[in-house]
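Structure first, then comments.
The values are calculated or read from the model by the stated rules, or taken from the named source; none is laboratory data. Keep in mind the model is a prediction, meaning the values are calculated, not measured. Note: ideal-geometry Cβ built from the backbone for every residue, glycine included; neighbour counts use all protein chains shown.
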Amino acid sequence: MQSNNIVGLRPMTRELCHELYKSWENDDSIYMDMSIFKEYVYNEESVDHYFDSKQGTSRRIFAIMLEDRPIGKLQLKQINMDKRECTLSIHMQNDNFKGKGYGTEAEKLAIKYAFDELGMVAVNADTVVKNTRSQHILEKIGFQFLKEEGYFRYYRLEKS
């Protein structure tokens with residue numbers, strides 16, 4: 001899947017996962033409890049374990065591609081074919097790729113895929129309370145705020 005610009009989604013492979021994580025930086029905006037925040041250090045075995053743990057029928061994981069290089073990851077997870085809904089999750093590789101619209105484009109592509117290819121009627125999302133950038137993007141592309149509970153804000157987009 002690709003948008004009109006140079007951002008696209010490609011099913012995540014083990015090779016793309018390793019390429020993505022070799023330049024990964026943890027984002028402190030997704031940690032409400034900064035005592036658990038750690039700088040990321042690439043480890044081949046850990047990336048293999050992560051990739052293997054994300055395989056299954058209730059999840060689709062994509063590499064966000066800028067031309068031929070992965071710059072983030074996006075998941076449609078908790079896919080429920082009976083309810084026809086899923087949950088969107090996105091993380092960009094590092095600050096070099098934030099604030100440029102790449103994540104927004106990737107989210108739009110994923111939502112189109114969820115509705116058109118998977119037959120979903122709703123896509124859910126959540127963010128930690130302090131991640132206002134993510135909240136702004138979700139609202140900009142049409143997600144409706146549902147509630148704030150604990151450290152999280154919950155959103156939903158229903159197929160029109």
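Here S29 qualifies as out of contact with any Leu (no Cβ under 6 Å at 6 or more places or on another chain), at pLDDT below 90 and either assigned to a helix (DSSP H, G or I) or of a type in the set (A, V, I, L, M) (or both).
Residues in segment 64-93 that are touching a Pro at 6+ places or on another chain (Cβ under 9 Å) and over 16 Å from K112 (Cα atoms): Q93 only. Of all residues in segment 128-153, those satisfying the criterion of being crowded, with 17+ Cβ neighbours inside 10 Å and more than 20 Å from F62 (Cα to Cα) are V128, N131, Q135, F143, R153. From the list E19, E45, E39, E15, the one residue that fits, being at pLDDT below 95 and either surrounded by 12 or more Cβ atoms within 10 Å (Cβ to Cβ) or not small (G, A, S) (or both), is E39.
Scanning segment 128-153 for residues that are charged (D, E, K, R) and not in a strand (DSSP E or B) yields K130, R133, E139, K140. All conditions in (1) within 22 Å of E19 (Cβ to Cβ); (2) buried (at least 21 other Cβ atoms within 10 Å of the Cβ) hold for L66, with the sole exception of (2).
Going residue by residue through segment 90-97, is there one that turns out to be without any contact (Cβ under 8 Å) to a residue 12 or more places away in the chain and either buried (at least 20 other Cβ atoms within 10 Å of the Cβ) or among the aromatic types (F, W, Y) (or both)? Scanning segment 90-97 turns up no residue that is without any contact (Cβ under 8 Å) to a residue 12 or more places away in the chain and either buried (at least 20 other Cβ atoms within 10 Å of the Cβ) or among the aromatic types (F, W, Y) (or both).
Candidates R69, R133: the one that is touching a residue at least 60 places away in the same chain (Cβ under 8 Å), closer than 21 Å to E25 by Cβ and basic (K, R) is R133. Restricting A110, A125, A114 to those that are surrounded by 20 or more Cβ atoms within 10 Å (Cβ to Cβ), touching a residue at least 60 places away in the same chain (Cβ under 8 Å), touching a Lys or Arg at 6+ places or on another chain (Cβ under 9 Å) and not in a loop (DSSP other than H, G, I, E, B) reduces the list to A110.
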